[in-house]
Each structure stands twice: as C-alpha cells, then as structure tokens.
1. Evaluate peptide B:213-219: per residue, the Cβ atoms of other protein chains within 10 Å of its Cβ; return the mean as an integer.
2. On alpha carbon coordinates alone, what is the Rg over Rh value for segment A:31-124, Rh being the Kirkwood radius?
3. Thinking of segment C:172-320 as a set of Cα atoms, what percent of all their pairs are more than 28 Å apart?
4. On a C-alpha basis, how far is the centre of segment C:96-157 from the centre of segment B:203-268 in Å? Whole number, if you could?
5. Can you tell me the dipole magnitude for segment C:19-347 around its Cα centre, using point charges on the Cβ only (Lys, Arg +1; Asp, Glu -1), in Debye to the nearest 20?
6. Excluding residues on the same chain fewer than 8 positions from A:LYS45, give the lysines whose Cα lies under 27 Å from its Cα.
7. If you find the alpha carbon centre of segment B:58-72 and of segment C:283-355, how far apart are they in angstrom?
8. Tell me what chain B gives for mean residue ellipticity at 222 nm when only DSSP H runs of n ≥ 4 count, each as -39,500 (n - 2.57), the sum divided by the residue total, rounded to 500 deg cm²/dmol.
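Where a number appears in this text, it was derived from the coordinates with a stated rule and is not lab data. Remember, predicted model here, so these are calculated numbers, not experimental data. Please note: Cβ atoms are built from the backbone with ideal geometry, for glycine as well, and neighbour counts cover all protein chains shown.
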Amino acid sequence: MAFQRCKAAGLGILLAASAGFAEADEFTAADEKRWEEQFQAVAQKGRELWTSPALGSNGLVCAQCHPNAANTHPETYPKFQKQLGKVAALWEMVNWCIRNPLQGTPLDAADPKMIALQAYVHYERRGATLAPGKH
Amino acid sequence: MKYCIFVLCLSAAVFSSLAAAEPLGLPTVPIPADNPQTAEKIRLGERLFNDLRFSSTGTVSCATCHDHTKGFTDSPLTTSEGIKKLTGTRNAPTVLNAAYLKSLFWDGRSPSLEDQALHPFLNPVEMGLPNHEPILKIVRSDPAYVKAFSAVFGKSGGEVTMKEVTQAIASFERTVLSGDSPFDHWYFGGDKDAMSPAAQRGFQVFVGQGRCVSCHVVEQNQALFTDNRFHNIGVGINRIQADVARLAGEFLKAKAAGVDVDQAVLTDKKTSELGRFAVTGQFDDLGAFKTPTLRDIARTAPYMHDGSLKSLAEVVDHYNNGGVGNPKEKVNDFLSGGIRPLNLSTEQKADLVVFMTALTSQPAADQKRSPRP
Amino acid sequence: MNPLSRRDFLKGAGALATASVLPVNLIELAFAGSESFSFAYISDSHIQQIRGTEFVRNWDRGLMRAVAETHLLEPKPDFIVFGGDLAQLGSKPELDHGAEILSALRGKVHYVMGEHDYYLDLGEYWQKLFGPHFYSFDHKGVHFVVLNSILTYDDWTYHRWPTPEQRMQEMAGLDNPNGSPFMVGEKQRAWLEKDLAAVSRETPVVVFSHSPLQKIFRGWNFWTEDADEVQALLKPFAKVTVLYGHVHQIQYHQIGNISFNSAMATAWPWPYPTAYRQGEVYLPKLTVPMNRADPFHERDGTGWQLVNLASGNVDVQYTLYDNRRRSVVFSPKTGGPEDSQYQDPARRIPPQTHY
C-alpha cells in the first residue's frame with residue numbers, strides 16, 4: 001500500500017512538473033522587467049534624497065558636493081576610511097556625510113532611505129570595475 | 001628589524017622583552033638605516049638623556065623636562081623651566097612614541113629625533129649652552145663615555161661628534177613606547193571587558209560625533225593617535241587675533257634677515273602663537289600646531305602647546321565649543337576646517353574623558369629611576 | 001635659516017611658495033619691461049541661509065578666511081575681484097551677509113555675477129549692492145572686461161518656471177537635468193565687440209567670467225554655449241587671459257592666443273567631471289588636478305587666488321588649505337599656462353589621482 005502511495009506521489013510530482021510549476025531560481029523576462037522597475041523606483045527615491053535638505057539640518061544636500069554622485073566611489077568599498085578609523089562599508093560613509101557636512105541624524109543600515117541612497121549611488125556609477133580597498 | 005634591548009630601569013612605558021615586538025596597538029618602529037639599534041647604544045643614549053652637565057648651570061638635562069615618571073613630560077608645569085628656572089613659551093611634548101613622529105617640536109621644525117636633540121642644548125631658556133663644545137668636551141674625556149662611544153661607534157677623541165651623541169640619544173628615544181593600554185586590549189586584543197562601559201561609549205564619541213579620529217588617528221590594526229599634521233585649533237592664537245597680520249609680516253622679515261626660528265618661537269610668546277607658519281611661511285599654517293599622540297595623555301597634563309588647558313575636561317570643552325574656550329569668544333579666522341561646534345551632551349563629554357584615560361599603558365607610572373651616569 | 005633666494009622665489013618653490021609677504025622689489029626685478037602688478041581673486045562663496053540670521057557656518061568661514069588672508073599680502077594687491085556665486089539662492093539676506101563679510105576687504109573690489117546670484121531676481125538686488133552686471137575697466141595698461149556669462153535662453157529664464165524661487169532652485173542644482181546652458185548672449189557679445197574695438201591689439205586683455213567661456217562638460221554647466229563666438233572676438237589680441245569661477249577646482253588651458261585659468265571656491269570643492277562615468281567630458285588636457293580633498297577638513301579643497309600680471313600674462317597662485325598650494329604660471333616657452341611644480345607627469349603625486 002505504501003509503495004502504491006509512493007508511486008502515486010511520484011506520478012503526482014511528474015505530473016506537476018510537466019504542468020509547468022517553477023523550481024529553484026527560475027524567472028521570466030517579465031519578472032526581470034518588473035524587478036528592474038522596482039529597483040529603478042528605489043534608485044529614483046535615492047536621487048530625491050540626494051537632493052533633499054530633509055536628510056540634514058542645515059539645508060545642505062548630498063548633490064552639492066557630489067553632483068550625479070561623483071566622487072563617492074561605491075566600487076571601492078569596503079575600504080579603510082580615514083574619517084571612520086577602520087575598514088568600512090559604503091553605508092557607514094554615507095552616514096558620516098549625513099552626520100557631518102549635513103549635520104543630520106545617521107540612518108540605520110537597513111533603513112529604506114539608506115538602501116535608496118546606496119541604490120542611487122551605485123546606479124550613477126554603473127560600469128565601474130570593482131576595486132575594493134582602493135583609496 | 002628585530003632587536004634585543006636590555007633595559008636597566010625604565011618607566012612602565014618602555015617595552016622590555018626579548019621577543020622584541022612593539023606593544024599592542026603600535027606598528028613597527030621606523031629605524032633609520034644609518035642608526036641601527038643596539039643594546040649598548042640605547043644604554044648610552046639613556047645616560048646622555050639624563051646628564052645634567054650638558055647645560056650651562058649643570059642643572060638641566062633632557063630628563064628634566066622629559067621625566068620618565070611623568071609620562072616623559074614635566075607635568076604639571078604649563079611651560080617648561082630650563083636653566084635658572086627660565087621659562088619658554090611651550091609645554092614639553094612627551095617622548096612617548098616620538099619614534100613614530102615625522103617631525104619634532106610643536107611646529108615640526110625638526111625632521112628627525114637625531115636633529116631635534118641638537119637644539120635644546122643651545123636654547124637660552126633650556127640648557128643655555130653657547131655651542132655644543134661643552135658637550136663634546138665631556139663625552140670625549142669622561143672615562144665612562146669614552147669607553148661607551150668606542151664600544152658603540154668605534155670612535156674616540158675628535159671622532160666623537162654631535163652626530164654620535166644625537167644618534168645615541170635618538171636610539172634611546174626609539175625605545176620609549178606607549179601601547180598595550182586597556183584600549184588596545186579591548187580594540188585590538190578582543191578583550192570585551194578591558195575597557196569600562198563609559199570608556200567604550202567614549203570611544204564611540206571619539207570616532208563619531210566627537211570627530212576626534214580624523215586627526216588623532218585610529219586605524220584597523222594600530223593606533224598612533226596622531227596624523228603627524230598641523231592644525232590651528234584655536235588655542236593661543238585667539239589671544240593675538242588682531243595682531244596676526246602685523247606679527248606674521250614682521251616675523252617673515254626677521255626670518256629673511258637671519259633670525260633663528262628655534263630661539264624666536266621659544267622666547268617670544270606672541271611669535272610662538274604663529275605656530276608652524278614660523279617654519280613654512282604658508283598661510284594655512286598660521287597658528288597651526290602638530291597633533292600630539294593621546295597615549296598616556298592622562299599623565300601629561302596640562303595640555304596644548306602652551307599648556308593652557310589644565311584638564312582633559314577643559315580640552316573636550318574647547319573642542320565642543322568649536323575652537324574657543326568660551327562659547328561667546330570669537331573664533332579666529334585661521335581656524336582649521338576640521339574644528340566646529342560638536343553639540344556633545346554632558347554624558348558624552350564625560351565618557352570621552354574616561355576613554356582617554358584608558359589610553360594609559362599598563363601598569364601605570366613605574367616610579368623606578370634611571371641610574372646616574 | 002637662509003633668507004629666501006630670488007631664484008627660489010622665481011621657481012615658486014621653497015618654503016615661501018607664494019608672492020605674499022615679500023619685498024616688492026623681488027617681483028619687479030624679475031620682469032623687465034612692462035609693469036607687473038597683482039590682485040586677489042576670491043570666488044564662489046555660496047553663502048547659504050538656514051533660517052533667520054543663521055547661515056551655513058562652513059561657507060561663512062571659507063569666505064572669512066579668504067578675506068583675512070588677503071590682509072596678510074605684502075605688497076597690497078592692486079584690487080580684489082569677486083568671481084561670482086556670492087549667495088547660494090540669491091536671496092537678499094544671503095547677498096547682504098556675503099557683502100558684509102566682503103566689506104572687510106581693503107581696497108577696490110570688482111564684482112562678477114554668478115548664476116546663484118542672478119536667477120532669483122535677475123540681478124536686481126545685485127545691481128543695487130555692487131553695480132552693473134557687465135563692464136570693463138583699464139588698469140596699468142591692461143584692459144579688464146567683466147562679463148555676465150551665466151545667462152541662458154530667454155524661454156527658460158522668463159517662461160519656463162512659475163515662480164522666481166523655483167527658477168533659482170532649478171538653476172542651483174549643478175546636476176539638475178532641468179537646468180539650461182550658460183551663455184554670454186547676443187546683446188552682450190555686441191557690447192563686447194564694441195568695447196574691444198577701442199583697445200589696441202597689443203594691449204593685454206583679461207576677461208572675468210563666471211562660466212568657463214569653453215565647452216567642458218554640459219552636464220554640470222561647465223559650459224558656455226556661445227564660447228566659440230566669444231573666443232572669436234578675443235582672437236585678434238596678442239595676450240588674452242580668461243579667469244573663470246563656477247567649477248570649484250583647478251583647471252587651466254590654452255586655446256590659440258587665450259589662456260584660461262579657473263578659480264577655486266571658498267565654499268567647497270567639486271569633483272572633476274571626468275569622475276562622472278555616464279557623461280561626455282572635455283577636461284582641459286593641460287590641467288594637473290588639485291589634490292583630493294579630505295571632507296573632514298572643511299577648508300580642504302577650497303581657497304582663493306593671487307593673480308600676478310607680468311608682461312601681460314597671468315600667473316595664478318592658488319592658496320589652498322590643508323592641501324598643497326599650487327602655482328599655475330604662464331610659460332613663454334610653451335605659450336600657455338602650466339603648473340610650476342607638477343606639469344611633468346613624472347612629478348605627479350598620488351593625491352592628484354582623481355577617478
């Protein structure tokens with residue numbers, strides 16, 4: 001009886017497979033497009049934050065010193081960062097800028113605003129070769 | 001380069017072990033190729049360092065102002081006292097970790113330990129000698145020195161010059177190290193209980209809102225607490241703000257006419273406030289002084305180039321105010337761009353002070369004294 | 001210490017690497033012939049109001065420092081030029097606060113309009129404070145022209161935006177895709193042509209302009225739309241120098257008979273446009289970049305300029321804080337500006353690598 005059930009289960013699985021259920025990391029072109037749009041929306045939000053005085057308390061915005069996120073070099077992180085005294089990740093340096101020139105409150109690493117800022121920074125720097133540790 | 005040192009009597013700050021590695025938290029000591037370390041050279045250097053005869057009155061040696069029981073300074077003196085208790089304009093910097101400095105003196109006018117040793121002998125408010133001849137006379141004739149110089153350098157009589165003398169002194173100074181503090185054990189040694197919670201909070205202020213770390217450098221696996229650079233942080237120069245243009249112009253004209261910088265800055269209080277400008281003549285060095293190390297800082301009060309800040313709490317207040325002692329005071333025009341109001345809370349300020357006391361190498365203040373020559 | 005030798009001064013090297021606080025005869029001896037003189041050139045202070053009487057401390061201190069340092073100059077500069085962008089959003093409080101800081105300058109001051117000063121009220125308050133938007137003057141045999149080179153298409157200026165405030169905000173963002181390219185414009189070019197007609201071809205000409213009068217990078221308005229037309233008007237003259245602001249970094253170039261030299265900002269440095277991967281850039285090839293700035297030191301990468309006119313060509317000494325001071329001098333040998341220390345690629349130092 002158990003064997004019958006197994007066979008039935010096995011047959012069921014085969015049937016299920018042939019019916020087109022996705023397994024593992026299978027995705028379609030439509031998925032990719034949708035996810036890309038979601039990323040772009042977050043990067044766009046990052047751009048808004050990049051030019052928003054709300055991140056700090058003195059009216060300064062990131063774009064004033066980093067137009068188009070230039071001179072942020074996201075491709076070089078993690079790296080030793082003088083102002084932090086240690087090898088640090090990009091988000092920690094973003095927080096340094098929020099705290100110091102912008103005189104604002106640092107964000108949590110997982111804060112959607114921090115994710116958005118990083119998405120924007122990386123997007124503007126797309127195509128740069130990875131160079132972790134580079135000063 | 002490994003070396004063995006047999007150190008006879010030292011403050012706890014000097015590392016003494018046949019393993020010969022630097023204390024925890026410090027990088028390898030840079031040794032110049034033309035002045036390698038040997039045990040005998042270091043001993044000779046220490047004797048020279050302590051020799052009172054190298055002053056015009058026979059009462060002042062290097063150790064007078066760089067006392068090993070006081071963190072190699074003359075705490076609590078504001079400005080040092082030389083012969084006849086004459087005072088200069090500046091607070092004695094520590095010799096601790098001077099081996100890592102890229103320039104010596106508060107204004108960096110000396111490029112090496114060897115060169116630095118030449119100058120205090122001749123300064124009228126320090127050792128007051130007219131030239132180096134009295135020193136050479138002693139080292140060429142005193143039997144103990146004759147033996148030592150011969151053994152260390154293979155030289156005797158007229159061959160023994162100030163080069164050998166200062167090389168020996170520098171060799172000794174390169175063993176005067178401070179590391180292995182509670183901070184080092186906590187930060188580099190992985191000992192979670194090595195520093196108190198207050199000190200740990202203070203460290204976060206140090207690398208965060210306090211903005212200390214950019215000049216008082218801490219790195220991934222070492223911490224020298226100095227960037228070897230010069231900054232105007234608003235000490236001293238605030239008093240001469242109205243006179244800066246005139247003083248700067250007069251000083252440069254005098255310098256072009258041959259005035260000795262070493263003498264000028266130590267004997268005239270206002271000139272002293274020009275800081276590194278007296279050495280380089282560059283605008284952005286106006287009122288700038290070298291970042292000192294913070295190691296053993298709790299032992300070396302008072303603070304700053306003129307000894308004007310009596311306690312670490314006062315120092316923290318000065319920075320918290322953005323480079324003025326009193327928040328209502330006018331900030332000087334040449335203030336370093338790194339200095340700005342910090343808005344630290346009372347607790348943050350207290351924690352910062354506690355953190356700095358954790359930079360004292362352990363055990364603290366060994367009271368053993370060096371042997372007399 | 002040896003007194004500074006004349007040779008060291010001429011090389012611009014040695015401890016005293018600037019023409020400051022030196023006896024004037026050292027300068028005069030070097031250059032036979034026409035009279036040489038110097039002026040201070042301060043630019044791009046971007047005084048920014050937070051609220052009420054509170055202004056961004058960083059920018060205030062940058063301008064104050066530059067003003068204080070000009071007091072140290074000996075001999076005194078003949079005059080001072082302010083290169084534009086005194087304010088950040090062109091408001092009356094900002095312009096007033098900036099004018100107050102500049103009032104400590106000793107000597108005659110000539111003002112150049114920047115876009116941050118202009119686009120709120122189209123320069124109306126500026127005119128009240130400082131005078132005309134464009135003009136010329138002569139000094140010791142040199143003809144100086146001040147242009148308002150940050151104008152743009154009429155449509156954008158007059159019809160595009162619902163409020164002056166928004167117009168100013170849109171122009172204030174360097175990388176704002178809603179911006180519009182700078183230009184001198186037809187009316188001013190006609191005035192320039194007439195002005196230059198009265199000047200002999202041998203007279204040295206120095207043009208002050210906020211925008212570069214070149215086409216460097218459109219994305220950040222390092223750009224003058226009618227650069228070619230303006231350069232054509234300057235072509236007939238033997239010695240022409242354009243001094244421009246706006247870029248907040250060291251740039252210099254030679255196009256034909258015209259030397260171009262940029263000014264630092266007293267407020268903050270900008271990345272070199274070559275650091276932006278997604279745009280097409282024509283950075284003047286000659287330029288040896290300034291050292292990279294450490295953002296901890298707020299004055300790093302900011303500064304002001306001492307401009308020396310010797311024999312009609314311009315030498316610029318950049319006073320940069322916490323950074324390496326630079327000297328860009330006109331070389332008769334190459335017929336253009338070059339850095340007195342670092343022009344040779346073999347002499348570059350790592351901090352000059354920007355990427």
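1. Details: counts 6, 10, 2, 1, 2, 3, 5.
Counting Cβ atoms of other protein chains within 10 Å of each residue's Cβ and averaging gives 4.
2. Details: Rg = 13.2 Å, Rh = 13.5 Å.
Ratio value, two decimals: 0.98.
3. Values: 2331 of 11026 pairs.
Of all Cα-Cα distances in segment C:172-320, 21 percent exceed 28 Å.
4. Cα centres, segment C:96-157 to segment B:203-268: 37 Å.
5. In total the dipole reaches around 580 debye.
6. A:LYS33, A:LYS79, A:LYS113
7. 46
8. Helices in chain B give a 222 nm mean residue ellipticity of -9000 deg cm²/dmol.
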